[in-house]
Amino acid sequence: MATLNLDMDVLRTLVTAQQLGGFNRAAEQIGRSQSAVSQQIRKLEEQVGEPLFRKQGRGLIPTEAGDVVLAYARRILELNDEAVVALRGRAVEGVVRFGLPADFAESWLPLALGRFKRAHPGVRIEATVDRNPRLLDRLDRGELDLVLTLNNADRPDAERLASLPMVWIGPAAAAADPVWAPGEPIPLVLFDAPCFFRKAGLAALDRAGLAWRVAFTSASLHGLWAAVEAGLGITLRTATGLPASVVPLDGLPPVPTVALSLHDGGREASPAVARLRLIVKESLAANLPPLPVIPAQALGDVHKSLGLAGETV
């Protein structure tokens with residue numbers, strides 16, 4: 001039986017469409033017409049002998065076979081891209097000092113830095129996890145080479161990568177153990193001031209006319225998650241890297257998106273820094289798809305237990 005060789009270009013189109021949420025966007029991203037992209041997908045379906053997508057409303061969603069192909073396509077493309085980067089960067093050496101907020105330190109950082117280390121074994125990485133203002137201060141003093149931050153896209157050295165929705169976050173066990181009773185001020189778990197999330201959350205509650213109180217403050221993200229899990233209150237962050245003990249909440253006052261950006265201090269990048277920058281961007285694109293907030297109807301008794309039933313927000 002002849003071996004079936006899947007087309008790498010078609011697999012990349014497939015993954016791009018899944019990441020961007022549609023073939024129209026994928027066509028724009030890869031510089032092809034929508035009809036050319038559709039033809040690629042039909043060719044792949046003919047190769048595997050099964051439909052990869054089915055209609056749902058006006059959109060398309062993967063079939064069971066489509067989910068299988070997508071899972072393998074991501075692995076194939078990652079290995080291909082690692083091989084290309086490794087071949088191009090064998091001679092890259094030096095030290096890269098990289099800073100990022102705690103939101104990305106556990107869920108995404110090990111994958112990105114592991115990929116970089118495999119591709120560039122001659123480069124030593126020094127990673128620093130801290131709050132955004134301190135990271136940028138160290139970057140400006142020349143103590144860091146590259147920094148990933150939230151809410152600093154207005155800096156001259158910023159390369160904006162994405163806009164992430166901020167979401168209200170509560171304990172996963174809220175339905176069984178109410179966080180606060182109806183009529184009580186909403187208890188909040190927040191970073192110490194100054195903090196963009198703190199400011200945005202308080203402003204949103206004030207605009208909605210909802211009473212609140214600061215129940216717990218912490219200097220660390222681990223402290224926030226522990227307090228929310230314990231039922232001391234709710235907090236406001238992005239939905240990136242949430243532990244299983246907390247969940248996004250719908251039905252609270254709307255809050256804006258927050259910009260995710262890379263910064264280099266305006267300095268010329270060394271080959272090692274340039275390579276890390278590329279891998280950071282590729283890894284984020286692959287591992288940070290749109291993260292929807294849990295719809296109100298799916299929370300059911302959670303909203304009632306939080307004392308929000310009937311509130312107009």
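Data table
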{"read-out": "At 1.306 mPa s and 10 °C, Stokes diffusion of segment 49-204 via Kirkwood alpha-carbon radius, µm² per second", "value": "79 µm²/s"}
{"read-out": "Using a Förster distance of 22 Å, the FRET efficiency for residue 285-residue 143 (Cβ separation, nearest 0.05)", "value": "0.20"}
{"read-out": "Estimated [θ] at 222 nm from DSSP helical runs (n ≥ 4, -39500 (n - 2.57)) normalised by residues in the chain, nearest 500", "value": "-12500 deg cm²/dmol"}
{"read-out": "DSSP-defined antiparallel bridges as percent of all bridges, the chain, nearest 5", "value": "60 percent"}
{"read-out": "Ratio of Rg to Rh over the chain (Cα coordinates, Kirkwood Rh, two decimals)", "value": "1.02"}
{"read-out": "Lysine pairs within the chain, Cα separation less than 29 Å, 8 or more sequence positions apart or different chains", "value": "4"}
{"read-out": "P(r) tail fraction, segment 129-262 - alpha-carbon pairs more than 19 Å apart, %", "value": "52 percent"}
{"read-out": "Amide N of segment 118-143 lying under 19 Å from the label point, which is placed 7 angstrom from the Cα of residue 95 along Cα→Cβ", "value": "120-130, 135-143"}
{"read-out": "Cut-off 18 Å, label 7 Å out along Cα→Cβ of residue 159, residues of segment 220-260 by amide N", "value": "259-260"}
{"read-out": "Gain upon complete extension [residue 4, residue 38; 0.36 nm per residue less C-alpha separation]", "value": "10.2 nm"}
{"read-out": "Interchain or long-range residues, amide H under 5 Å from residue 258's placed H", "value": "164, 166"}
{"read-out": "Backbone HN-Hα couplings from phi across segment 260-271 [Karplus 6.51/-1.76/1.60, Hz, Gly and Pro as x]", "value": "9, 9, 9, 9, 10, x, x, 9, 5, 7, 6, x"}
{"read-out": "Accessible surface of the chain, 1.4 Å probe, proportion on carbon and sulfur as whole %", "value": "52 percent"}
{"read-out": "Charge tally in the Cβ shell below 14 Å around residue 34, where Lys, Arg are +1 and Asp, Glu are -1, residue 34 excluded", "value": "+2"}
{"read-out": "Separation of the residue 203 and residue 64 label points, Cα + 7 Å toward Cβ, nm", "value": "4.9 nm"}
{"read-out": "Quotient of Cα Rg and 2.2 N^0.38 Å for segment 167-230, N being how many residues it contains", "value": "1.11"}
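The values are calculated or read from the model by the stated rules, or taken from the named source; none is laboratory data. What you see is a predicted model, and the numbers here were worked out from it, not measured in a lab. A quick note on method: Cβ atoms are made from the backbone with ideal geometry, for glycine too, and the neighbour counts reach across all protein chains shown. What goes into the accessible areas is simple: the full protein's heavy atoms, side chains included, and nothing from ligands, DNA or RNA. Shrake-Rupley method; radii C 1.70, N 1.55, O 1.52, S 1.80 Å.
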